[in-house]
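Single-structure report; data block below.
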Amino acid sequence: MPHKKRKTQSGAAARDSVIREIAKPRMARSARIAEQKLNSARIPQRPSVSMPGTVDKIIPPPHPRQPEKAQIAVDGAHRPHQNLRIDNDLLDEHGNDVKLKKGARVELTVTSESEY
């Protein structure tokens with residue numbers, strides 16, 4: 001089986017790219033982040049992750065004034081973080097009250113408060 005040769009940069013091209021990189025002004029990480037925040041054309045997005053899950057059980061409230069809780073099994077999560085409990089008083093896109101039912105498939109999205 002013949003060995004495929006990789007194409008590499010010539011010595012002059014490699015030197016030129018290094019010289020161009022060195023010619024750029026040095027900037028601390030905090031200064032780069034501040035510069036990105038000042039750029040009005042850039043739309044910052046917070047880090048987030050979405051995971052599928054299933055409602056395992058509905059837990060009745062210990063006191064009548066408290067809402068019931070829905071326990072959700074998160075698919076693909078590690079053992080200690082596999083079950084998540086949330087209040088079962090949710091709103092749909094029209095502002096109507098909805099409740100989760102046992103066995104319902106849900107999509108969980110976790111978003112960070114800070115940018116990093």
When the residues of segment 48-66 are filtered to those that are β-branched (V, I, T) and under 24 Å from the mean Cα position of the chain (by Cα), which remaining residue is surrounded by the most Cβ atoms within 10 Å (Cβ to Cβ)? V55
All conditions in (1) under 28 Å from the mean Cα position of the chain (by Cα); (2) surrounded by 10 or more Cβ atoms within 10 Å (Cβ to Cβ); (3) not aromatic (F, W, Y) are true of E113 except (2)
So, in segment 67-98, exactly how many residues are without any contact (Cβ under 8 Å) to a residue 12 or more places away in the chain, more than 25 Å from R46 (Cβ to Cβ) and surrounded by 11 or more Cβ atoms within 10 Å (Cβ to Cβ)? 1
Which ones in segment 99-110 are surrounded by fewer than 10 Cβ atoms within 10 Å (Cβ to Cβ) and within 30 Å of R42 (Cα to Cα)? E107, T109
In segment 59-116, what residues are of a type outside the set (D, E, K, R), in contact with an Asp or Glu (Cβ under 8 Å, 6 or more places away or on another chain) and in a loop (DSSP other than H, G, I, E, B)? P60, P61, P67, N88
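No value in this document is a laboratory result; all are computed from the given coordinates. Computed from a prediction, not measured in an experiment: that's the story for all the values here. In this analysis, Cβ positions are derived from the backbone assuming ideal geometry, glycine residues included, and neighbour counts consider all displayed protein chains.
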